[in-house]
Amino acid sequence: MTLHDLALTVGNSGLGAWMRTNVHAMPVVEALHVLAAATVLGTVLVVDLRLLGLNDSQRRVTVVSHEMLRYTWAGFSCAVITGVMMFAANANTYYGNTAFRIKLLLLAAAGLNMAIFNLGALRSVVQWDQQQRTPRAARVAAALSVLLWVSVIFVARWIGFTKGYDFAVPDNVDLDLTIP
Amino acid sequence: MEPFAQWLQATPLSIAIQSSSWLVPLLQSIHIVMIGLVFVTVLLLVLRVLGVARTEQPPSVVWAQFAPWLLRGVTVLALTGAVLIISEPVREFTAISFWLKMLLLALGLSAVAVLGKSLRRDAPASRSLAVLTLLVWIAVVFFGRAIAYDVEVWGALSLKA
């Protein structure tokens with residue numbers, strides 16, 4: 001099964017059909033997606049600003065990150081669920097959309113950045129937990145994190161302006177859709 | 001309101017914004033990033049009132065730390081929002097969700113100001129007001145997105161129906 005097959009399977013699923021036929025589905029799901037994205041971005045920003053020494057410098061890094069992480073994951077889970085729902089509504093157009101593909105790559109990059117930070121700089125956190133100035137690797141990870149998550153939002157908004165729509169062509173209309 | 005919206009939409013400024021292919025997506029992206037900042041700031045203030053987060057910090061410290069971020073975020077939201085309204089005044093001013101959003105926004109800002117009065121003085125703030133504040137801000141975001149779907153959300157009530 002190729003990725004395209006997988007996309008089509010999601011699009012042709014009951015979820016996809018439900019998203020396309022229920023008029024209230026899209027606005028509600030999109031609004032939840034924005035709220036979820038706002039929660040992820042905002043909570044990640046609180047942790048990143050602490051790592052950069054720009055906010056919360058009197059609080060321990062582990063306290064700030066531990067406190068925010070549950071909201072980040074709650075927001076992220078909600079964003080994934082609502083994201084899949086939106087994808088199912090227009091799977092084929094999202095699949096072929098460049099902005100959508102870049103968004104997924106940026107999400108993967110943000111995840112990789114977090115994994116590298118967790119397996120690297122964060123392991124020695126006991127030594128700098130209380131310091132305003134964190135190690136360079138932690139500051140680089142935080143700056144990258146801000147950059148990547150803000151980019152995710154920008155590219156994601158761009159999808160809506162470039163994706164076009166799936167629509168059924170009436171039988172009596174002859175559309176020439178060949179690309180010149 | 002609609003004649004005014006029609007007039008605004010025909011002004012050179014509005015047309016200039018409309019004719020840019022990247023300005024509206026750019027402003028909307030900045031708007032969403034700032035929603036992240038403002039929403040989580042409100043969330044942190046509410047969680048402090050509820051005693052769920054930052055309990056080791058006095059409420060006045062939490063307020064002093066996050067109120068400036070809230071103000072900056074709201075300012076950028078107002079500026080980007082204003083330009084977005086100028087670009088599509090008819091769509092915005094004829095949407096029920098737009099006016100509901102503005103009403104809820106006024107309520108949300110007032111509610112934060114009331115909570116701030118208690119937080120600043122380290123006085124106990126109303127927990128139910130804190131929960132209500134968070135719900136109002138969630139509704140602001142919700143109806144902000146719903147502006148694009150006025151008929152779908154409001155059905156026959158929508159002026160666009």
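The values are calculated or read from the model by the stated rules, or taken from the named source; none is laboratory data. For clarity, every value in this text was computed on a predicted model and none was experimentally measured. When we count neighbours, we look across all protein chains shown, and the Cβ atoms used for this are built from the backbone with ideal geometry, even at glycine.
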Collect the residues in the stretch B:72-112 that are closer than 24 Å to residue A:42 by Cα, polar (S, T, N, Q) and in contact (Cβ under 8 Å) with a residue 12 or more places away in the chain, keeping them in residue-number order. B:80
I'd like to verify a number: residues in the stretch A:138-163 that are without any contact (Cβ under 8 Å) to a residue 40 or more places away in the chain and in contact with a Leu (Cβ under 9 Å, 6 or more places away or on another chain), how many? 2
When the stretch B:44-103 is examined, which residues are found to be at positive phi and within 12 Å of chain A (Cβ to nearest Cβ)? B:54
How many residues of the stretch B:39-63 are in contact (Cβ under 8 Å) with a residue 40 or more places away in the chain and either assigned to a helix (DSSP H, G or I) or basic (Lys, Arg) (or both)? The answer is 12
Have a look at A:88, A:31, A:25, A:38 and point out the one that is facing another protein chain (nearest Cβ under 10 Å), in contact (Cβ under 8 Å) with a residue 60 or more places away in the chain and either small (Gly, Ala, Ser) or in contact with a Lys or Arg (Cβ under 6 Å, 6 or more places away or on another chain) (or both). A:25
For the stretch B:135-146, what are the residues that are surrounded by fewer than 20 Cβ atoms within 10 Å (Cβ to Cβ) and either at the interface with another protein chain (Cβ under 8 Å from one of its Cβ atoms) or touching a residue at least 60 places away in the same chain (Cβ under 8 Å) (or both)? B:138
Only residues that are part of a helix (DSSP H, G or I), within 11 Å of chain B (Cβ to nearest Cβ) and of a type outside the set (Phe, Trp, Tyr): list them for the stretch A:51-73, please. A:63, A:64, A:66, A:67, A:68, A:70, A:72
Being closer than 19 Å to residue A:49 by Cβ and in contact with a helix residue (DSSP H, G or I) (Cβ under 7 Å, 6 or more places away or on another chain) is true for just one of B:17, B:35. Which residue is that? B:35
Among the residues of the stretch A:92-117 satisfying the criterion of being modelled with pLDDT under 95 and more than 16 Å from the chain's Cα centre (by Cα), which is farthest from residue A:2 (Cα to Cα)? A:93
